[in-house]
Amino acid sequence: RAQENVLQRVLQLPVVSSTCESLQRTYASTKEAHPLMASVCEVYERGVQGASALAMRSVEPVVRRLEPQFAVANDLACRGLDHLEEKIPALQYPVDKLASELKDTISSPLQSAKSTIGNSVDKI
């Protein structure tokens, strides 16, 4: 198979991609709702873009020189991710589905405990 990029694979995991999408929607709606916050965020975004461009130009020679080591590290990380995906199936579900299932899982025992406590209090 073609050379995989572990960062791209992580970003494609449903749990990660849905979380990122949710954060992006929240960020955008916050900027829309609060004009002062939007102007602060825009200044910050421009600063980050400029710093990123400068960092990329500065780091490029080092990255080229260390490319073989990065390839080995990437391969090991991909194998580790394969193992995690096998052991933690929840990584394959979007966050809203996980939250809903977790809520259902927790809600039932809590309702049962509440009922038991209520019955005990009634008897006392």
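The values are calculated or read from the model by the stated rules, or taken from the named source; none is laboratory data. Model, not experiment: these values are computed from the prediction. When we count neighbours, we look across all protein chains shown, and the Cβ atoms used for this are built from the backbone with ideal geometry, even at glycine. Remember, those area values only see protein heavy atoms, side chains included, never the ligands or the DNA or RNA. Shrake-Rupley method; radii C 1.70, N 1.55, O 1.52, S 1.80 Å.
Write down the accessible area per residue of the chain in Å², having rolled a 1.4 Å probe over the full set of protein chains.
81
Of K97, K31, K103, which has the most accessible area with a 1.4 Å probe, and how do the rest follow in descending order?
K103, K97, K31
Straight distance only, please: which lysines reach the Cα of K87 with their own Cα at less than 19 Å, same-chain residues fewer than 8 apart left out?
Straight-distance partners of K87: K97.
By how many nm would the segment from T19 to L84 grow when fully extended, if each residue of separation counts as 0.36 nm and the alpha-carbon distance is taken off?
Extending this stretch completely gives an extra 21.6 nm.
Just to verify a number: FRET efficiency for V63 and C41, C-beta to C-beta distance, R0 = 41 Å, to 0.05?
Given R0 = 41 Å and the Cβ-Cβ separation, E is 0.90.
Report, to one decimal in Å, the Kirkwood hydrodynamic radius for the chain based on all distinct Cα pairs.
That comes to 19.4 Å for the chain.
Using alpha-carbon positions, what is the distance between the centroids of segment 48-106 and segment 1-35, in Å?
Centre-to-centre distance over Cα atoms comes out at 12 Å.
What part of the accessible area of the chain, given as a whole %, is carbon or sulfur when the probe is 1.4 angstrom?
63
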